[in-house]
Structure formats: C-alpha cells, structure tokens
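For reference, the structure is listed below as structure tokens.
Nothing in this text is a laboratory measurement; each read-out follows from the coordinates by a stated rule. Everything numeric in this text was worked out from a predicted model, so none of it was measured. Cβ atoms come from the backbone with ideal geometry, glycine included; neighbour counts cover every protein chain shown.
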Amino acid sequence: MLALATTALGAYVLVAAGSITVPGSTNTLGPRAFPYLVGGMLVAAGVVLTVLILSGRAGEEEGGEDVDPTVRTDWLTVVLLVVTLVVHVFAINVVGWPFAAALLFAGAAVILGARPWWRAALVGLVLGLVIQVIFGGLLGLSLPAGPLLEGVPFLRG
C-alpha cells in the first residue's frame with residue numbers, strides 16, 4: 001500500500017508542478033525544478049518499493065515501536081505548535097521570510113524543549129537567511145525579504 005501511495009503522490013506532484021506559473025526569466029531553474037525533482041524521486045521510490053514487494057524481498061516486520069501507549073497526548077504542546085505555525089504564516093508578509101522562518105523554527109524548538117531559547121532563535125535566523133539567499137537570491141523565486149532586508153539585492157526574488 002505504501003509503495004502505491006508513494007507512486008501516486010509522486011505522479012500527482014509531477015502533474016501539479018506543470019501548472020506552476022513560470023516567470024519570463026529563462027536563465028534560472030525556475031519554480032518547477034524542485035517539484036519535478038521531488039515528484040520524480042517519489043515515483044522512482046514507489047516503483048522500486050513495488051518491485052521489491054512483488055519480488056518477495058519485503059522487509060521484515062518490526063516487533064513494534066518503542067512507544068508507551070499509556071502516555072496521554074500533550075495537547076498544550078500540539079496547540080502551541082499550531083499557533084506557532086499560524087503566526088509564521090501571517091508574519092511572512094509583515095517581517096519577511098527570514099525572520100518569519102526564524103520565528104517558526106525557534107518557536108517550535110523551544111516548545112519541544114530546546115534550551116537556551118536564543119540558540120534556537122539564532123539557528124532559525126541563519127536557516128531563514130540561507131533559504132532566502134538560495135531561493136530568493138539565486139533562484140529568483142518570490143520570497144519576501146521584509147522591510148529590514150528590502151534593500152539587500154542578493155536577497156530579493
């Protein structure tokens with residue numbers, strides 16, 4: 001079932017990637033490159049899994065996960081993670097992608113127990129800036145840099 005679902009998901013990603021609008025610039029990879037790559041890899045993994053299962057070389061069943069079924073779900077953590085994600089979505093257009101990504105990463109890390117909080121914030125900011133440089137600056141995709149980074153040319157998509 002997993003093999004077929006993986007193949008179907010990959011096929012869907014490939015079809016959906018074809019509907020992405022490509023800007024007039026032809027000297028960059030463009031917004032379709034990564035969805036095509038991911039979709040192709042999903043289809044390939046699904047096909048390989050299907051062949052392995054049909055040839056009888058499926059993996060052995062595990063005895064079970066190392067999970068205590070008596071522990072209750074920590075709904076406060078779940079709610080805080082959802083709130084962090086919603087704040088991230090609304091913060092992208094206000095403060096820009098790098099700072100919104102830093103907020104998402106640091107918020108999720110601290111909620112899940114990362115200490116000290118400033119280290120999580122610093123790592124989140126570095127990740128947000130790296131993503132901004134790669135996707136906004138190098139690939140030319142539209143990630144809002146935000147008001148603080150608006151004048152930096154290599155961060156704009």
- Note on the structure: In nanometres, the difference between 0.36 nm per residue of separation and the alpha-carbon distance of Ala8 and Leu81 is 23.3 nm
- With +1 on each Lys and Arg Cβ and -1 on each Asp and Glu Cβ, and nothing else charged, work out how big the dipole of the chain is about its Cα centre, in Debye to the nearest 20. 620 debye
- Task: For the chain, calculate the relative contact order in percent as a whole number, restricting contacts to Cα pairs under 8 Å that are 6 or more residues apart.
- Result: 19 percent
- Query: More than 23 Å apart: what percent of Cα pairs in the chain qualify?
  - Reply: 61 percent
